[in-house]
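What follows is calculated from the coordinates using simple rules that are stated; it is not laboratory data. All figures in this text were calculated on a predicted structure; none of them were measured in a lab. Using ideal geometry, Cβ is built from the backbone for each residue, glycine included, and neighbour counts are taken over all protein chains shown.
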Amino acid sequence: MYVIADLGLLQLLIRCTGPDRTGSGLLVLLLYVLISRENREVTRDRNRRERELMEADIVVSSRLSFKKMQSSEKYPKGQSTRRWKHLKQILQADNCPPDLPNYVNIESPPSTQPCKRICDVTGFEAPYADPRTNLRYANAHVFKTLRSLSPDQVHQYLSIRNAAVVLK
Amino acid sequence: MTGDDGDQINAVGRGSMSFVSRIRRQTDYNTYPPSIPIVIDNGASYFRIGWAGETEPRVVFRNIVQRPRHKATGETVTIVGDLDPALMKYFDCTRSGPRSPFDSNVVYQFEIMEYILDFAFDRLGANGSRIDHPILITECACNPVQSRSKMAELLFDTYGVPAVAFGVDAAFSYKYNQLHGICKEDGIVLCPGFTTTHAIPFVDGEPVYKGSCRTNIGGYHVTDYLKQLLSLKYPFHSSRFTWEKAEDLKLEHCYIAPDYASEVRLFQEGTKEAEEKTRYWQLPWIPPPTEVPPSEEEIARKAAIREKQGQRLREMAEAKKLSKINEMESELSSLRFLVKQLDQVDEDDIPTFLSDTGYASRQELESTILKVTQSLRKARGEPMNEPSEGEENTDSLNNEKYPLMNIPDDMLTPEQLKDKKRQMFLKSTTEGRLRARQKRNEEELEKERRNQLEEERRRENPDFYLEEMRAQYKEVLERVEQKKRLKTNGSSNGNNKSGGVGRGERLSAAQRERMRLLTTAAFDRGKGEDTFGARDEDWQLYKLMSKDNDDDDEQPDSDEAELARLTSRLQEIDPTFVQKVEGESLTSGEVPPRVRQLTEEDYKIVIGIERFRCPEILFHPNLVGIEQVGLDEMAGASIRRLPHEETELVEERLTSSILMTGGCSLLPGMKERLECGIRMIRPCGDPIVVVRAMDPVLDAWRGASAFAANLNFLSNAFTKMDYDEKGEDWLRKYQIRYNNL
């Protein structure tokens, strides 16, 4: 942008240094000098920033000496990275003898103690539940705020507790 | 912020330097001979790498990768670990969120793992043609063999590592603490980690995996819970609560209450202790420029203007009414004139005479006159005489039209019977209409009476009555507005946490429940026929659904009717009342504007109960919907699962040496809570000793480092040849023996 402005101004300057326009010509010359100075500053800034980035050295370089095959060759760009199996699939494909402890075996059992019921909004003990939305609340005051929640918020409160009805 | 030696320090937490990221490139790689192993603690939160035998890992960083595009060059670069936000402006991060190689606590994304290992080895100073040191790397307990083998492949094939050993981080931590006398040879290690929590018993110095158990809850879930609670409590500031900020808050302020119920009661009753425990976070807030309160003159002037406006409106209404009456009167007079003219004209000339005016016959003319007179009377406000006239008509009609009614059936012919039926039908309908009219009259009388009562009340005490009306109006208006707002309020605050498809969010919970019932009933399991209606109970579905329907729709109508009535009443009697147009604020008298100004209070985030409600999920995972045991019960479950020979003695020894390790065990109050909890599930009098590891975060790495420094390390590791020859089954059974430590 600045370069174009420069050229334009240069043309204007040439045209202005004709016979009767010395005054405006001087003005244009002044503008030209100012803009070019700014230009230089901008490029200096940019260089400084790039150097800063390089000094921070946060980027992993793409060629590392100790690797037998570089990652850019191993995973060529554009190939879908969705070919990794998620944990669920790994566990399904894993056919391990059931008597030995394995990842699935050692899952904890569900709790035998009675479930603790706390109010969804405030965190107090909540002996009551709202029949319309299934949220738990502690007293009448909280109930009033419950009824004024938007369906969005209700859904979010329930999904924290994993109790939201999800339509697929 | 940067420390003096150029390290990027992101230190948080209660004075402990455990969460520091250190990524300065090390320079002494070549001083280590190839026999010295490299030790890696590959955790879901942080990745630590260093040399065996040392006490501190050399390089520590957060185990995530981002691949943004460099703005200037356009190429995709890889950045590992925590980012300095100041440098982020060079990159276009729109399509690259932070990605982790972990799914729960198992590594599954080996491309990302490779980037991380690249970065780690690079910072360690590696510069040969391969990594020429044996590697000890940690994994989760009972890691699936696929993950293990892929990791081994990665290390052998890409980095050329000579030997690899896998170990469990919790076990290393326990052995390290045992070495230092913190815990004994038999015991249990409880490790609440980042995404999972493990309880592993140790018998004779070796972990017994058969007795271990794992709950899928960890520090990540605690932070997530805190973030969601705060976002819901302060939807206006929800953009402020990023995951990193929530993590900082958790590390600063969260603690574990010794007993949740009693702690909550303190807050519920608003005691002084609760006040002390509440923390406030003041967001930056600039008060808006205060408006100068309008002077007396201003107020008087505005009141006068409003009065004039009201007056003008009423005048306009009056004028309109008058003009309408005049119009109708003129029409009536012209019609009457027409009728009079008709009287003068002969019978036969009527059609031609009337064809100009547009009326077909005399009757039509007369009926039009009647209608206009009626509407005129209504406009003038005179009571209508129509009902009584109608009644007379029907009486006479009755006697005229139903001659056959009174004659009994057997004396009539079939045709006459048909006639009689028709007459009966007509009679019943007209009687019905009569009855309806009577009821309407009664209602009108009632309304008149009520209005008179209200008028009396008004005359007695005009101001008070006016105030009452105004208050009622405001209330009902608020209610109606709120309902409208609820109906149309989408995700106006940018809540992007809502799950489910778009349609599901806009429905209320009741509607969604109904849809769920419908979809489950209609779901075709593909077994062939749809047997929905075969059993009688199926149809009860509709009963369930319709009940909810009735509940919702009743209320809004009554509110809106109330609002209309109040509006009209106020318009009549209140000289300064101007009806509220939707969207504008109420302007009657000196009532303050509807939206109150945001005060400093609104920008203060109160973190009271959340301080101990969030870590509570470690002990009660069903608070977030995970149906598993919490920390304290895990110890019991683990003991129960042990294959036992000498049961009682082993159990006592186990509970007398319980070690807490892992990042989450830094939360204050955990030790006391665990002791209480475990005491509840063990037989009375059992010795219960719970200790915290010396450094819960770094001890895993230190234990691994001590293990690797041992001379017998290589006998526990396996080489590429071993891996190739022995195959997957052997790898499945591969375990290191920890007792060398």
Excluding residues fewer than 8 positions from B:K324 in its own chain, the lysines with Cα under 22 Å of it are B:K371, B:K378
On the formula 1/(1 + (r/R0)^6), with r taken between the Cβ atoms of B:E456 and A:E125 and R0 of 56 Å, the FRET efficiency rounded to 0.05 is 0.60
So the FRET efficiency between B:R312 and B:V345, C-beta based with R0 = 51 Å and rounded to 0.05, is 0.55
Here the whole-number average of other chain Cβ atoms within 10 Å per Cβ of A:110-119 is 6
Links exceeding 31 Å between C-alpha atoms in this model, out of B:K184/B:K210; B:K210/B:K277; B:K227/B:K272; B:K277/B:K671; B:K150/B:K671, come to B:K210/B:K277; B:K150/B:K671
Fewest to most Cβ atoms within 10 Å: B:W243, B:W51 sort as B:W243, B:W51
Using alpha-carbon coordinates alone, the radius of gyration and Dmax of segment B:139-235 in Å work out to 17.7, 55
Expressed in nanometres to one decimal, the distance between label points 7 Å along Cα→Cβ at B:K245 and B:Q472 is 4.7 nm
For B:K427, the lysines lying under 21 Å Cα to Cα, once residues fewer than eight places off in the same chain are dropped, come out as B:K401, B:K418, B:K439
Expressed in nanometres to one decimal, the distance between label points 7 Å along Cα→Cβ at B:Q363 and B:A561 is 3.9 nm
Here the gain from full extension of B:L370 to B:E329, 0.36 nm per residue of separation minus their alpha-carbon distance, amounts to 13.5 nm
Pseudo-spin-label distance A:N162 to A:L27, built 7 Å along Cα→Cβ, given in nm, is 7.5 nm
In nanometres, the difference between 0.36 nm per residue of separation and the alpha-carbon distance of B:S35 and B:K484 is 154.2 nm
The FRET efficiency for A:S61 and B:E675, from their Cβ-Cβ distance with R0 = 41 Å and rounded to 0.05, is 0.20
Flagged as over-length at 20 Å C-alpha distance, from B:K89/B:K250; A:K68/B:K720; B:K245/B:K604, the pairs are B:K89/B:K250
The lysines whose Cα lies under 21 Å from the Cα of A:K144, excluding any fewer than 8 residues away in the same chain, are B:K233, B:K474, B:K483, B:K484, B:K487
